[in-house]
Each structure stands twice: as C-alpha cells, then as structure tokens.
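The structure under discussion appears below in the form of structure tokens.
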Protein chains: 2
Amino acid sequence: MDKNELNEEEMRLWHTWKGSFHRIFGRVIKDMSERTGLSEGDYGILDRLALFGNGSLRQQELADSMDWDKSRLSHHLTRMEKRGLVMRKSLDTDRGVLVIITSAGQSALDDARPVAAAAIRKHFLDQLTDLDVESIMKLAERTKARPAE
Amino acid sequence: MDKNELNEEEMRLWHTWKGSFHRIFGRVIKDMSERTGLSEGDYGILDRLALFGNGSLRQQELADSMDWDKSRLSHHLTRMEKRGLVMRKSLDTDRGVLVIITSAGQSALDDARPVAAAAIRKHFLDQLTDLDVESIMKLAERTKARPAE
DNA sequence: ATTCCAAGGTTGATACGTCAACCATAGGCT
DNA sequence: AGCCTATGGTTGACGTATCAACCTTGGAAT
C-alpha cells in the first residue's frame, strides 16, 4: 500500500484515538478544576512538592519530575505564586531557586485529592477493561524510546 | 477499597496513559507542523473545506464537523485568514458566513497530506498491535455517551 | 404590530504551551 | 588571572483554548 496516504480505517483509528483521549481527559480535568479551582498543572506541582519534596523542591527537580521544560514551569509558577499557592526562595549556596508550598497551597491540595481521585476513577478507570489496561501499559513501553530518524 | 483515593497501580495507569498520548501526539504534531507550517487545527479545517465541503462550508457546519465551539473556530479562522489560507464571505440569504479555502490554502493542504500521513503512520499506526486497535475502538464506543451525573 | 427568543458570529480576557533570546554565575581550562 | 561554558532561571512574543458578554437579525408567539 502507498505509504503516503492513509486509508479510511487508518484515518478513523487516528481520529478515534484522539477523540477518546480528549473526551475522557477533558471530563476529568473539567470535573476537577470546576470543583477545586486547580488545573492539572497546579495539582501536579502541589502534589510533587508535598509528597516527593516534603514541602519544597528545587525548580529544576520539579521541572524534571513534571517532564516540563524550565520555561513552562517558570511561567506556571509565576501564576501560582500570584495566587498564593507557592513561594519561591533563591538559594545562595548555588544559583538555584527553591519552590515551597504555602499553607494555602497545602490545603488546596488536601481538598483536591479526593476530588481528583473520584474524577479519574469515574471518567477513566471505571471505563477500562483488562484488555485496555494491558494495551495502555504495553504501548507506553513500546513508545518510550525516541523514534529512529 | 476507599473510593476517594487511588492506589499506586491506578495512579501509574493514569499517568502512563496521559504520557503515551502526549508523547505520540506530540511527535506527530511536531513532525507535521515543522515540515508543513500547518498546525493540527489548520490541517483539519483545510481538509474539511476541501473534501467535505468541496471548497467551502458554512462556519457553523465547519464547527460541528470539527467538534469545536463557534468561538474557538472564529478565533482560529481569524488567524488563518490573516495568513491567507482561507477567506470569509457573509451570506445575505441568512446571517451565516461562508468559509472558503484559498488557492494558497489548497496548495498548503496538498503539500501537507503526504507529510501528515507519514507522521501518523510512523509515530502512531506503526506502533500499534491488533490488541491496541481493538482496545482503542472499543473504549471509544464505551465512552462516547455522556457520563451519568 | 410588538415582543421575545434563538441562531450565528465576534470580541476581550485570561490561562496555558512553546520557542528563542537573554542574564548571571560557578567551575574548569589555559 | 582571564576566558569559556554549562547550569539554572526569566522574559517576551505568539499561537492556542475556554468562558462570558455582546451584537444582529430572522421568525415565532401573542
């Protein structure tokens, strides 16, 4: 078959895959942000600060654990700082910056945990069969490496 | 088990699912946009105008077929119009607007087709097993309906 | 004929993502 | 000492997504 075009079925597969993701992910995110005021990024950051960092992390560590680049994180932290969810404190030992969860951030996180869990369970986990679980885990394994150029 | 928290495995499943999507989708989009100058939205719009609409569509029809709301489409068309990919023409029969692909838009689309196909094939289709295909199609079927509130 | 409403769009504000340019400095090299 | 570079961050610009407010007008209801 011609490598330069997709047939009906291939196209449908691509659109279906995209569609399912957006639908499910969108439901989770909307549920969560409407009920907690936290976006997915907010939640991920607070979660890592609290659990992985025990309250604080260097910005670079945080960026690595989120798999975000430093610019994206910097912008996001600026917004979160404005809302009082985190604080930044420059280290004088080296030129790094320590990101610290505030008490407002901590309680927002505490409130959000059960909501996030419920949303993920309802819209995602509860929809999956064993087949889906197997497919998800194996596909991730298979695609983790960079593709050959 | 407590319905209000997720265990290790459930969390890993969620993160893995999100991660795979972003990784694969990101590769396709980046490949495509770098080589063609068209974003996914641009491509989807031009594709529908050309094939589904035979060159033009009412804005509302276009929005429906993209599954976008009118505001999102309006903003996007404004940007595309500025780049000369489409034109807008108001209908005097009713208060609708006709969106028309320009010749620049048509040739951008023609150039992009094989690139898009190759990117989707390489990063997505070629990574899938029969198991994945089955999972994708069935999950979509299962989650299509609105969730019960 | 008025009134009212829904359809079809636009606009502005704000959040989010990405890219490239920039800045400061700690450490290594010569 | 003087120079270089990698590290760690910030910033501005631009594209994209969402939400709410708004505008216009064709028709329906009374």
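Tabulated results
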item	result
Qualifying position, being open to solvent by less than 80 Å² (accessible area, probe 1.4 Å), under 12 Å from B:Leu109 (Cα atoms) and among the small types (Gly, Ala, Ser), among B:Gly44, B:Gly84, B:Gly96	B:Gly44
Given (1) of a type outside the set (Val, Ile, Thr); (2) open to solvent by less than 40 Å² (accessible area, probe 1.4 Å); (3) away from DNA strand C (no atom under 16 Å from the Cβ), index of the condition A:Arg113 fails	(2)
Where a residue in region B:4-18 is facing chain A (nearest Cβ under 8 Å) and its partner, wherever it lies, is crowded, with 17+ Cβ neighbours inside 10 Å and not in a helix (DSSP H, G or I), with Cβ under 7 Å and at least six apart	B:Trp14/A:Phe124
Scan of region A:63-89 for residues that are of a type in the set (S, T, N, Q) and either near DNA strand C (Cβ under 10 Å from one of its atoms) or assigned to a loop (DSSP other than H, G, I, E, B) (or both), ordered by number	A:Ser71, A:Ser74, A:Thr78
Residue list for region B:116-149, filter: within 19 Å of A:Thr143 (Cβ to Cβ), of a type in the set (Gly, Ala, Ser) and open to solvent by 30 Å² or more (accessible area, probe 1.4 Å)	B:Ala118
Meets criteria (within 21 Å of A:Glu9 (Cα to Cα) and more than 17 Å from the chain's Cα centre (by Cα)) for B:Lys138	yes
Lone unmet requirement of (1) of a type outside the set (Asp, Glu); (2) part of a helix (DSSP H, G or I); (3) more than 26 Å from A:Leu128 (Cα to Cα); (4) modelled with pLDDT under 95 for B:Gln60	(4)
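The values are calculated or read from the model by the stated rules, or taken from the named source; none is laboratory data. Remember, it's a predicted structure, so these values are computed and weren't measured experimentally. With ideal geometry, Cβ positions are generated from the backbone for all residues, glycine too; neighbour counts draw on all protein chains shown. Areas reflect the complete protein model, heavy atoms only, side chains present, ligands, DNA and RNA absent. Shrake-Rupley method; radii C 1.70, N 1.55, O 1.52, S 1.80 Å.
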